[in-house]
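Reading through the structure tokens given below for one structure.
The values are calculated or read from the model by the stated rules, or taken from the named source; none is laboratory data. All figures in this text were calculated on a predicted structure; none of them were measured in a lab. Don't worry about glycine lacking a Cβ; one is built from the backbone with ideal geometry, like all the others, and counts go over all protein chains shown. Heads up: the accessible areas ignore ligands, DNA and RNA and are worked out on the full protein's heavy atoms, side chains in. Shrake-Rupley method; radii C 1.70, N 1.55, O 1.52, S 1.80 Å.
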Amino acid sequence: MESDGDNIMLVQNLLSEYVKQNPTSTNTQLFSFLALLNAYVPDSYLLMSECQQILGPPDPIHGGPPFEERMEPFTLFVGISSTNPEHICIIDPISAQCAVKRLAALGISRSATVKNFMFSLCGDQPQPHILQFIKDLLTKREFGEKGKEKFSRLIEDIGEEENFYNAVSILTAASNKFKQNHIYPQTLSRLIYIRRGIIDYTKAEEWAKKAIARAPNNSYVADTLGQVYKNRLIREARQLEDILHMAEEAFKAFKDVEMKADGEEGLEMRDMAGTISISDSFNNRGLFGFIQVAKISFDKLKAVRSNPSQEHGRFIQNLVMEVEAKFDFFERYLTYSKLDMTSTEPHYFWKNVVLCYEMYTAKTAAESISFPGLLDRLNHGLFTSKGRFAGFEEAEQSVSDLEAIQDDLKTNYEANRDNVQAAESYILSNIILSNKMHNSPELTSENELKAIIHRFLDTDVGCRSPEFYLVALLLFWPQVVQDEVQDEDDEEVEQQATEDEGSEDETLEVEDSDEEQETSGEPEQLSLDLMFEPDLQQFVTFMEKAFERSDAKYLRGRYLLPLFFLGKRSVLSRWIHKSRLDAIVEKEVDAELAREQDERTGEKLSRINEKWINGDVWRIPEIEDLLLPVWVELDWEHEEDEVIVCAGGKKIKVTTEVVSYSALSQMRFYLGFTIKGPFVSTVERPH
């Protein structure tokens with residue numbers, strides 16, 4: 001059997017002799033098509049009828065020579081599919097790549113081949129597989145070492161091996177040939193504005209607008225025009241007037257992207273009548289593009305600030321509220337989700353958002369006390385935190401830091417008792433503090449926090465935010481009594497809780513109304529008619545519906561990050577913030593890498609992600625000691641991604657990873673919460 005090296009030598013020798021003498025013959029042309037396809041599009045092929053069309057008459061059925069004879073001397077390298085005798089392809093992909101390079105050296109370039117291919121086989125009614133192969137050749141971007149490539153391998157090779165203008169020519173021909181398809185003018189616009197050196201932004205703008213005209217409701221197509229304007233702002237704007245004008249053009253384009261993205265529906269709506277545009281995930285490029293342009297504009301205006309004007313100041317002031325709104329979106333977006341379990345946004349993503357926010361507001365992003373900001377506080381200093389990933393120096397939050405935040409939010413709530421968001425943040429600050437110091441003297445008792453949330457239960461029923469139902473479920477989730485003896489820390493917590501509850505009972509009889517309570521300045525307590533626990537299953541349903549209203553559109557297709565897990569402690573400290581698990585996993589991975597003497601950042605991050613994906617995280621002894629397994633029952637009437645959690649005599653339906661019901665007895669379950677609601681993680685029981 002011949003080696004790959006022998007085949008390559010055969011290809012080179014054979015092509016050199018025959019192609020020099022027959023560069024325009026039909027079999028040389030067909031061979032160049034098959035080689036190009038197989039070199040750049042795996043598993044591509046041509047139908048026998050298409051091959052005969054290129055070879056021309058006479059067809060074998062009309063007395064002409066057989067296909068194999070007409071393809072001499074290329075027959076050795078051209079094969080027929082074993083699964084479909086109508087599919088003709090190059091047998092060996094390595095030979096295909098070698099053939100493309102050799103043909104190019106002999107004067108049959110990649111650009112000439114793909115152009116001939118388009119015009120030879122794309123008549124009035126081109127076959128779908130031909131259209132798909134051309135699309136893949138010219139636009140399919142593969143993943144390389146640094147992420148997704150900017151262009152297809154063929155376009156990259158044409159640019160490097162031939163020249164930029166040949167790449168432009170090919171995409172121009174495709175744009176003019178396939179007048180209904182937006183992807184060719186879109187790719188052409190990107191090629192022009194990304195190219196180094198002298199760039200024709202007018203041409204890039206022209207092609208971007210043609211792409212938009214072909215797909216007027218597609219936010220990803222609209223984004224190309226915004227990128228053209230943003231890049232022109234970066235490279236060409238020097239004077240105040242140019243900066244303001246180009247920035248306004250870019251803002252307008254990215255707002256259009258945002259509007260179109262907001263109107264797009266998920267894949268589940270594909271077959272619904274009236275659906276205009278479908279996207280498997282929300283396109284955040286309009287929002288992020290706006291942030292980038294605002295940051296670029298600020299930097300450029302700062303450089304020309306030696307002679308500030310009213311127009312200059314007005315431009316900055318007019319952007320403050322919009323920048324804050326974009327920051328709020330991305331803070332929520334990145335606190336509650338990430339791309340998938342294995343990856344997150346690029347490092348520059350959060351960095352741009354933070355820097356722009358701090359430029360326009362003079363506030364510090366890391367000190368945010370919004371609900372997502374509070375949830376992120378315990379991540380500070382961790383290897384996996386989004387701030388550290390973005391390159392910011394980030395200090396771990398101390399007990400005194402969190403106590404000061406809790407005190408500020410308490411003051412804010414007491415001054416705004418009818419503000420539900422103030423109540424949510426105050427309650428959350430106590431749960432966050434309890435994760436740092438379970439017996440902090442600053443912690444508010446659980447009963448007092450329950451009383452606060454009770455004040456809002458009878459108004460806007462079912463119409464609150466996911467955050468409201470999250471804190472309500474955390475407060476009212478049944479306490480689980482363990483059979484095993486608890487450690488001393490748990491005993492201290494329970495003792496503290498008992499003392500708190502005893503002091504609260506003594507005040508119940510003297511509290512007659514909210515009005516009296518507020519004027520007296522005493523803490524809120526549960527009145528006797530509120531001692532009954534709310535319907536937690538209803539809360540779970542309300543939370544899911546609240547998520548659908550507020551976040552589902554924006555977080556679709558993304559991995560929802562766990563926020564809390566149920567632990568073995570009691571009262572507030574039974575809710576374990578995910579950061580505590582991340583810290584344990586990080587320590588575990590550090591120990592592994594130290595043993596292997598491998599400290600590569602990429603390796604560490606992938607190891608951490610791998611432990612979450614394959615479930616190893618649940619087998620780490622320190623985490624097993626921290627979390628409390630829950631009992632579950634099957635929900636036979638619903639999908640296999642739902643089970644019923646049994647807790648404190650209550651049965652609550654939650655989501656879970658899809659598991660085989662027959663294997664349920666071999667599984668252990670941990671309860672957690674995302675912004676969508678409660679879920680259980682499954683892990684095999686130890687043998």
Probe 1.4 Å, all protein chains present, accessible-area order of Phe349, Phe119, largest first: Phe119, Phe349
message: Please report the accessible area of His438 (heavy atoms, 1.4 Å probe, ligands and nucleic acids excluded) in Å², nearest 10.
response: 40
query: Any idea of the accessible area per residue across segment 360-406, 1.4 Å probe, to the nearest Å²?
result: 44
query: So how much accessible area does Ser550 have, in Å² to the nearest 10, using a 1.4 Å probe?
result: 40
message: Please compare each pair in Lys436/Lys653; Lys20/Lys101; Lys148/Lys179; Lys230/Lys553 to a cut-off of 20 Å on the Cα-Cα distance and tell me which ones are over it.
response: Lys436/Lys653; Lys148/Lys179; Lys230/Lys553
Accessible-area order (highest first, 1.4 angstrom probe) of the listed residues Ile61, Ile243: Ile61, Ile243
message: Keeping all protein chains in place and using 1.4 angstrom, which order do Tyr333, Tyr559 fall into by accessible surface area, from largest down?
response: Tyr559, Tyr333
- prompt: Which net charge results when you count Lys and Arg as +1 and Asp and Glu as -1 among the other residues whose beta-carbon is under 15 Å from that of Arg388?
  reply: -3
Value of relative contact order over segment 135-222, rounded to a whole percent, pairs C-alpha under 8 Å and six or more apart: 20
- request: Report the full-extension gain for the segment Glu548 to Gln421: residue separation times 0.36 nm, less the Cα-Cα distance, to one decimal in nm.
  value: 43.8 nm
statement: Here the convex hull volume per residue of segment 300-417, taken over Cα atoms and given in Å³, is 148
query: Rounded, prolate or oblate: which fits segment 135-242 when a ≥ b ≥ c are the square roots of the eigenvalues of the alpha-carbon gyration tensor, with rounded for a/c under 1.5 and prolate only if a/b beats b/c?
result: oblate
- prompt: Say R0 is 30 Å: what FRET efficiency, to the nearest 0.05, do Leu131 and Asp262 get from their beta-carbon distance?
  reply: 0.45
